[in-house]
1. Got the relative contact order for the chain handy, in percent, Cα pairs under 8 Å and 6 or more residues apart?
2. Once ligands and nucleic acids are excluded and a 1.4 Å probe is used, how much of Cys97 is accessible, expressed in Å² to the nearest 10?
3. Sort largest first and round to whole Å: the equivalent ellipsoid semi-axes of the range 1-102, each the square root of five times a Cα gyration tensor eigenvalue.
4. What percent does the relative contact order of the range 94-232 come to when contacts are Cα pairs within less than 8 Å and at least six residues apart?
5. Any idea what log10 I(q)/I(0) is at q = 0.10, 0.12, 0.14, 0.21 Å⁻¹ for the range 200-332, Debye with uniform C-alpha scatterers and no solvent?
6. Would you list Leu272, Leu103, Leu281 from the most to the least accessible area, probe 1.4 Å?
7. What does the net charge come to around Ile85 if you take all other residues with beta carbon closer than 13 Å to its beta carbon, with K and R at +1 and D and E at -1?
8. Counting only heavy atoms of protein chains, what accessible area per residue, in Å², does the chain have with a probe of 1.4 Å?
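The values are calculated or read from the model by the stated rules, or taken from the named source; none is laboratory data. Just so it is clear, the structure is predicted and the values come from calculations on it, not from any experiment. Methodologically, a virtual Cβ is constructed for each residue, glycine included, from the backbone with ideal geometry; neighbour enumeration extends over all protein chains shown. Accessible surface areas use protein heavy atoms only, side chains included; no ligands, DNA or RNA. Shrake-Rupley method; radii C 1.70, N 1.55, O 1.52, S 1.80 Å.
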Amino acid sequence: AEHLRDDRPVTADYEVGVVIDDPGCGIHWNYSRHDVGGHRRTEGFEVAIKADADPADIIHNRTITIDWDATKVLAQQAEELFGDIFNITVAGRKGFCLANADLLLMWRGIENLMTDMVDRPAWVHEFFARMTESEIDAARQIEAAGALSLNNGADGVGSGGIGATDELPGKLFDGKKVHLRDMWGNGMSQIFSEVSPAMHAEFATPYEAKFMDLFGLNCYGCCEPLDQKMDLVKQLPRMRRVSMSPFVDWARGAEAVGDSMIYSAKPQPSYLTTDVWDVELARKEIVTILDACKANNCQPEFVLNSTLTSNHEPHRYDEWTDMVQRECENYA
């Protein structure tokens, strides 16, 4: 509130989320953290799925339970605590994301997953197919239980940005029960930054397309560079927002996106975390992005992710946000 003078709407609504019990597939990942000077640096995942595992024994549909009584208790507690300040509302599930590869690598290990796709692709495909079906079934269960809420207002959707749009909910919305088709969906394959477009097309796109077809509009991507994979992104249903991470060529990405969807630019967060803060260095990047978007008729948004520290100088956020606002006004 003191240092982020952005244009994200802030309302007096406080949402209590519906309590949803999702048991998952019963498999958990184990990891070891490697810290330096008290700061988290890396995490190493241990293998939870062995090479001889049968996907059918691990990935399956699960039973989703909605605890309406627990939800009511939470709403009452919120009302008692600060109902005189906020408008307390109960909100159902507002977001779904398919990230098969990112999840499987945490179970299988990055090196193992990469070699599995080469050495025994059918085995990986069976995992991804079963994971996709399980996620679709879970989403349908939540939908049938009436535990969804619209995410087309000031809600965060995808890996950044807000869901405000007049294209949702769908034409069949009756003003009461929300269906998946009335919502934004999301997909990503961050670890596939390390594979070719051809392998991405084989192991990610078909499953993502099937899952994302549930939703009225869709976002795609997070940290993975997508400037050279936009032909794959455009194959996904009803795409409206694509992530352009700090690892893309900004101009190449803008040329590929054009005016087909929101160019969700994720500027380099490390500029705000270094020992010396240089707002001019950050400004040059913003200008580069805006130049690329203007030249290609893109509709950009700026999402500053992963700023884990400001080196005890929170004024950096003030200056960065103010600078981006000024530059956007100059290009408007």
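1. 14
2. Surface accessible to solvent at Cys97 totals approximately 50 Å².
3. 36, 24, 14
4. Value for the range 94-232: 30 percent.
5. -0.36, -0.50, -0.66, -1.18
6. Leu281, Leu103, Leu272
7. Charge balance in the 13 Å sphere: -4.
8. 52
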